[in-house]
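Novice: The structure's right below; bear with me while I get my questions together.
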Amino acid sequence: MTAEATPSLVGKTGGPAEAGPPTARGPRVRGTGYPRYVAGKLGGAAVSLLAVLVTSFFLFRLIPGDPVKFMTGGRQVSAEQLAAYRREFGLDLPLWQQFTDYCGKALTGDLGTSYQFRAPVMDKISEALPNTLLLTGTSFVLYTAIGVVLGTRAAWRNGGLGDRLNTGLALTLYSIPSFWLGLLLIIVFSVGVGPIPGLFPTGGMESGGEEGFAYVLDVAHHLVLPVVTLVAVEYGQTLLVTRSALLDEMGSDYLTTARAKGLRDDLVRRRHAVPNALLPTMTLVFINLGRTVAGVILVETVFSWPGLGGLFYQALSVPDLPLVQGLFFVFAAAVIVMNTLADLIYPLLDPRVGR
């Protein structure tokens with residue numbers, strides 16, 4: 001052994017060192033590395049949010065259409081009345097002043113007043129958010145669990161019939177547009193085709209008039225087809241990422257050592273391979289978790305689901321600039337926050353990151 005390899009046995013001059021307490025083994029002390037890493041990620045998130053705020057203001061002003069004329073409901077109004085509407089909503093101000101007012105209010109949580117609903121944008125978002133979370137949250141739990149389980153089994157039996165079937169089906173469904181699949185499910189299972197009767201509602205969230213447990217069942221009945229659409233389209237991504245990560249881990253030496261010690265193959269997979277392979281999947285999970293707030297505009301529109309996606313579509317058709325800007329900012333902020341959270345947690349699970 002060299003002096004460098006045995007610091008507790010050799011003194012500075014090469015002779016025996018004084019006896020001392022043994023060095024405790026524990027987590028590696030990061031020093032300033034991790035705080036600097038956190039500060040960098042938080043700074044990047046703040047810059048991204050600022051860029052989204054600026055983009056949301058200027059981007060949607062390129063949409064053709066006059067929101068003031070929409071507010072008149074197609075009635076013939078005088079130029080004075082149109083000017084009054086513009087003054088009421090600040091549309092008569094120079095663009096730079098509209099932008100500074102928008103940014104100042106947004107920093108205090110005020111995203112403006114909807115032209116279409118004549119209500120604060122945050123109130124409309126708060127009303128629709130629970131409906132979106134019910135749809136996308138249910139789908140998120142299901143397609144994440146299905147993707148991880150099937151991806152793990154496909155990788156562990158790489159090249160087998162199950163692997164080929166799972167991977168092929170996942171790629172096929174992942175490539176199908178969600179709105180097309182939703183329309184197909186409505187035609188087959190809502191309208192009915194041939195011997196298949198219409199089993200589910202064509203859209204909406206409830207039939208109306210139900211209370212208590214009957215209301216819960218009614219909402220669940222309306223939830224089936226949109227959830228099936230999202231799960232079918234989204235689970236493939238989780239499956240493919242999990243499968244790829246596990247295949248990279250399967251050639252590692254520590255798995256060979258575990259098998260050499262006599263551990264069962266199933267135990268080696270569950271206790272050793274899968275936990276390490278789930279690190280890339282965790283990043284994808286956080287990204288998808290941010291998307292649960294954004295909702296799925298096309299699916300909510302196809303199924304007339306009263307969530308944030310459907311609200312965004314309504315606002316875009318006017319155009320209701322404050323509502324579109326507010327929803328765009330909330331959608332992007334949710335994704336940025338969850339991505340940042342994933343970046344902050346990842347080094348705690350894998351010390352090689354963020355050194």
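Novice: Label residue 188 and residue 86 with points 7 Å out from Cα along Cα→Cβ: what is the distance between them in nm?
Specialist: Output for this residue pair reads 5.3 nm.
Novice: On to the next question. Residue farthest toward the positive end of the dipole of the range 126-258, with Cβ of Lys/Arg at +1 and Asp/Glu at -1: which of 146, 180, 156?
Specialist: Ranked along the dipole, the leading option is 156.
Novice: Quick one: accessible area per residue over the range 141-267, 1.4 Å probe, rounded to a whole number of Å²? Walk me through the numbers before you get to the answer.
Specialist: On the way: 6870 Å² over 127 residues.
Here the residues of the range 141-267 average 54 Å² of exposed surface.
Novice: If you don't mind, there's one more thing I want to ask. Give the peptides 270-277, 103-110, 323-330 in descending order of average Cβ contacts within 10 Å, highest first. List each step's numbers first, then the result.
Specialist: Values: 270-277: 16.9, 103-110: 11.8, 323-330: 24.2.
So the peptides 270-277, 103-110, 323-330, ranked by packing, come out 323-330, 270-277, 103-110.
Novice: Now for a different question. Contact order normalised by length for the range 58-198, with contacts defined as Cα pairs under 8 Å and 6 or more residues apart; what percent is it?
Specialist: Numbers: 50 pairs, mean separation 11.2, N = 141.
Dividing the mean separation by the residue count of the range 58-198 yields 8 percent.
Novice: For residue 113, which sequence-distant residues (separation of 5 or more, or a different chain) have an amide H within less than 5 Å of its own amide H, given hydrogens modelled in the peptide plane?
Specialist: 121
Novice: I've got another one for you. Between residue 247 and residue 207, how high is the FRET efficiency from 1/(1 + (r/R0)^6) when r is the Cβ-Cβ distance and R₀ = 45 Å? Nearest 0.05. Mind showing how you got there, number by number?
Specialist: On the way: r = 47 Å, r/R0 = 1.05.
Computed FRET efficiency for residue 247 and residue 207 comes out at 0.45.
The values are calculated or read from the model by the stated rules, or taken from the named source; none is laboratory data. Because the structure is a prediction, the values reported are computed rather than measured. All Cβ positions, glycine included, derive from the backbone under ideal geometry; neighbour counts span all protein chains shown. Side chains are part of the model used for accessible areas, which takes the heavy atoms of the whole protein and leaves out ligands, DNA and RNA. Shrake-Rupley method; radii C 1.70, N 1.55, O 1.52, S 1.80 Å.
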